């Protein structure tokens with residue numbers, strides 16, 4: 001069920017899974033745009049499922065994407081397995097279509113975006129740096145943007 005140019009617009013949520021926090025982004029196929037929404041805390045990869053349910057009810061996505069953290073050699077790690085488990089739980093709990101997207105470089109790119117946005121401000125406020133731990137919603141928007149650019153990269157959880 002990939003978006004085709006003549007299909008009805010679809011709304012999506014993307015999740016950047018992590019053991020301590022999970023970034024969430026929203027997007028839609030009408031403009032192929034993605035925006036970071038929020039970050040949800042997690043305890044050893046387990047979110048407050050009520051928070052997830054609230055987001056799903058509020059945004060009513062047609063499709064959910066979850067980032068798949070692969071190693072640079074395409075192999076999977078323990079975090080890959082945990083991310084797949086999270087995706088399967090999303091699918092099972094909420095009866096929604098979930099696809100996985102390779103997210104290898106999204107956190108690095110998100111950190112770069114944050115650095116660029118704060119570069120001037122950081123210089124003018126000597127000694128104060130920006131918090132690079134709060135990038136997961138930006139990484140989620142990059143996962144979603146990657147799907148917009150190439151929906152064929154998606155895979156089942």
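The values are calculated or read from the model by the stated rules, or taken from the named source; none is laboratory data. Here the structure is a predicted model, which is why all the values come from computation and not from measurement. Note that each Cβ is placed from the backbone with ideal geometry, even for glycine, and that neighbours are counted across all protein chains shown.
All but one of (1) in contact with a helix residue (DSSP H, G or I) (Cβ under 8 Å, 6 or more places away or on another chain); (2) farther than 17 Å from residue 155 by Cα; (3) modelled with pLDDT of 90 or more; (4) outside any strand (DSSP E or B) hold for residue 109; which doesn't?
(3)
Quick check on segment 135-157: of everything there that is crowded, with 16+ Cβ neighbours inside 10 Å, touching a strand residue (DSSP E or B) at 6+ places or on another chain (Cβ under 6 Å) and not in a helix (DSSP H, G or I), which residue is modelled with the highest pLDDT?
For segment 135-157, the residue satisfying everything is 157.
Report whether or not residue 71 is surrounded by fewer than 17 Cβ atoms within 10 Å (Cβ to Cβ) and at pLDDT 90 or above.
Considered against the rule, which asks whether it is surrounded by fewer than 17 Cβ atoms within 10 Å (Cβ to Cβ) and at pLDDT 90 or above, residue 71 comes out as no.
Can you tell me which condition residue 93 does not meet? The list is (1) under 15 Å from the mean Cα position of the chain (by Cα); (2) part of a helix (DSSP H, G or I); (3) surrounded by fewer than 17 Cβ atoms within 10 Å (Cβ to Cβ), and all the others hold.
Residue 93 satisfies every listed condition except (1).
List every residue pair whose Cβ atoms lie under 7 Å apart, where the two residues are 6 or more positions apart in sequence or sit on different chains, the first residue falls within segment 80-91 and is without any contact (Cβ under 8 Å) to a residue 60 or more places away in the chain and at negative phi, and the second residue, located anywhere, is crowded, with 19+ Cβ neighbours inside 10 Å and not in a helix (DSSP H, G or I).
Close Cβ pairs satisfying both conditions: 80/68; 80/69.
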